[in-house]
Amino acid sequence: MVETADAPAVSGTPLPDHSVVPGVWSRITNLDVDRGEGSWLITRDGERYLDYSSGIGVTNTGHAHPRVAAAVAAQAQKLLHGQQNILYHEPGLRLYDRLRTVLPGGPWQAFLSNSGAEAVEASVKLARVATGRPVMMAFRYGYHGRTGQTMALTTAKDVYRAAFEPLPGSVYHTSYPYCYRAPGGPHAPEACTCDWEAQLDLTFHQLIYPEQVAGIIIEPVLGEGGYIVPPPGFLPRLREITRQHGILLIADEVQTGFGRTGEMFAIQHWDVEPDIVVMAKGIASGLPLSGILAHKELLASWKPGTHGGTYGGNVVSCAAANATLDVIEEEGLVANARERGTQFLAGLRALKAKYPAIGDARGLGLMVAIELVKPGSGDGRTPDPDLTKRIQAEALSRKLIVLTAGTYVNVIRIIPPLVTTAAEVDQALAILDESLAAAGA
Ligand SMILES: Cc1ncc(COP(=O)(O)O)c(C=O)c1O
């Protein structure tokens, strides 16, 4: 065991072998972590890792932010569970009230649940009941979760759905404008001529009448599918089309929400107002909490008892969420995401100029990525998942944790906490530079 002055090794009984955890939890490290502080994870051996995974986009306020931790501890000593069908509690009432104004437009009302997938399920149930229409649509490369209904919406990667047929029906997928991989591309997003609108029109003429469609769900910036930022005109035009057909637009902001992209919600970058917003991850700094925001009259179409759950809006999670919103607001984390994101993307673009295997460097706010390809093969965009894995491993050996993404797992995705500093971003970029070189990019 390594001991450092400020991080003594944890003593006591040895941990059970890792094999007690089922292998279905595919994992990217074997670290036994003792604690977290801001952007850092500290192992039981006292080693410090720069955590640019943020627990998959959750710890936007950093690990164990003192204000969030204090709010959780104080609430835990008063009431751990106050079931929503039985009583009201102060943290919940405060949170429901705050969420009414967390996004411009509305009037919004929130419904609270536990996980991202559960909130996506809620959005589908609401869209169907509110419109009286049966069909859901989603975009290729999208990720919405691993429950039954959300698997049916998800197409980011085969493992998320391909072994689990039959999946719920009446779900249709249409093209997302992935400018880098567009036929004849890559296109610069500003000059993108992806034919997503023609494909949507074809879907309406070949597969399903638009008046049968309750809702279209979309991640404003694709997450698991590869951190893909859409071209500027896409979301405003999609909003026009959905309005024209009476289809609800559902923004899945599970990964993009709560400041991640440099706006409170990513959809705000395009000045588009959806009908339903799905929220989770960053909302409570790590405590399980999710929900939807919907126009108030839409939520009124749910009759009492038609949706709910034992733990939804848990009182300790609500206390964590209130403290999280305070921290985001008072520490200027949305602005920091914008500034650090600009710094990070500039650094990644400089790396792209240096390493031919980086086909694309992209992102919005602190949701940034590089796509790895085999430059000499095919049209120069052949995905290189082996190289991607090597880069991730080289980064880990230099104590930087980054994730992968993309249908072909050839994207390094970087999700720093929104509290990260300019010095930490520079450190991460230097490690990535060394890792790219070591991996043979
Ligand atoms: C966009 C998006 N939607 C839904 C989900 C599912 O959330 P959860 O894992 O909390 O069920 C995720 C999780 O990564 C996500 O990124």
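The values are calculated or read from the model by the stated rules, or taken from the named source; none is laboratory data. Just so we're clear, the structure is a prediction, and the values are computed from it rather than from any experiment. Glycine gets a Cβ as well: all are built from the backbone with ideal geometry, and neighbour counts include every protein chain shown. Side chains included, ligands, DNA and RNA excluded: accessible areas come from the protein's heavy atoms. Shrake-Rupley method; radii C 1.70, N 1.55, O 1.52, S 1.80 Å.
A compact table of results
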item	result
Top-ranked residue of region 209-225 - restricted to ones that are among the small types (Gly, Ala, Ser) and within 12 Å of the ligand (Cβ to nearest atom), ranked as farthest from Arg260 (Cα to Cα)	Gly225
Strands (runs of 3 or more DSSP E) enclosed by region 322-424 - at least 2 residues per element that are in contact with a Lys or Arg (Cβ under 7 Å, 6 or more places away or on another chain) and in contact (Cβ under 8 Å) with a residue 60 or more places away in the chain	358-364, 367-374, 403-405
Count of residues meeting criterion [crowded, with 20+ Cβ neighbours inside 10 Å and assigned to a helix (DSSP H, G or I)] in region 105-129	11
Count of residues meeting criterion [of a type in the set (Asp, Glu), modelled with pLDDT of 95 or more and assigned to a helix (DSSP H, G or I)] in region 190-228	3
Single condition Ser53 does not satisfy, out of (1) on the phi > 0 side of the Ramachandran plot; (2) within 16 Å of the ligand (Cβ to nearest atom); (3) in contact with a strand residue (DSSP E or B) (Cβ under 6 Å, 6 or more places away or on another chain); (4) among the small types (Gly, Ala, Ser)	(1)
Residue that is nearest to the ligand (Cβ to nearest atom) [pool: residues in region 111-129 that are in contact (Cβ under 8 Å) with a residue 40 or more places away in the chain and of a type outside the set (A, V, I, L, M, F, W, C)]	Gly116
Residue under evaluation Tyr172, criteria (1) away from the ligand (no atom under 16 Å from the Cβ); (2) outside any strand (DSSP E or B); (3) open to solvent by 10 Å² or more (accessible area, probe 1.4 Å), criterion not met	(2)
Some residue of region 130-137 being within 16 Å of the ligand (Cβ to nearest atom) and open to solvent by less than 60 Å² (accessible area, probe 1.4 Å)	yes
Any hit, region 59-74, residues being within 16 Å of the ligand (Cβ to nearest atom), surrounded by 15 or more Cβ atoms within 10 Å (Cβ to Cβ) and assigned to a loop (DSSP other than H, G, I, E, B)	yes
Subset of region 138-169 (residues that are more than 15 Å from the ligand (Cβ to nearest atom) and either in a strand (DSSP E or B) or in contact with a Lys or Arg (Cβ under 8 Å, 6 or more places away or on another chain) (or both))	Leu167
Residue within region 95-109 that is farther than 17 Å from Phe265 by Cβ and more than 14 Å from the ligand (Cβ to nearest atom) present	yes
In region 150-169, residue farthest from Asp201 (Cα to Cα) [restricted to those that are of a type in the set (Val, Ile, Thr) and open to solvent by 20 Å² or more (accessible area, probe 1.4 Å)]	Val159
Which numbered condition Val229 fails, given (1) more than 29 Å from Glu297 (Cβ to Cβ); (2) in contact with a Leu (Cβ under 6 Å, 6 or more places away or on another chain); (3) surrounded by fewer than 21 Cβ atoms within 10 Å (Cβ to Cβ)	(3)
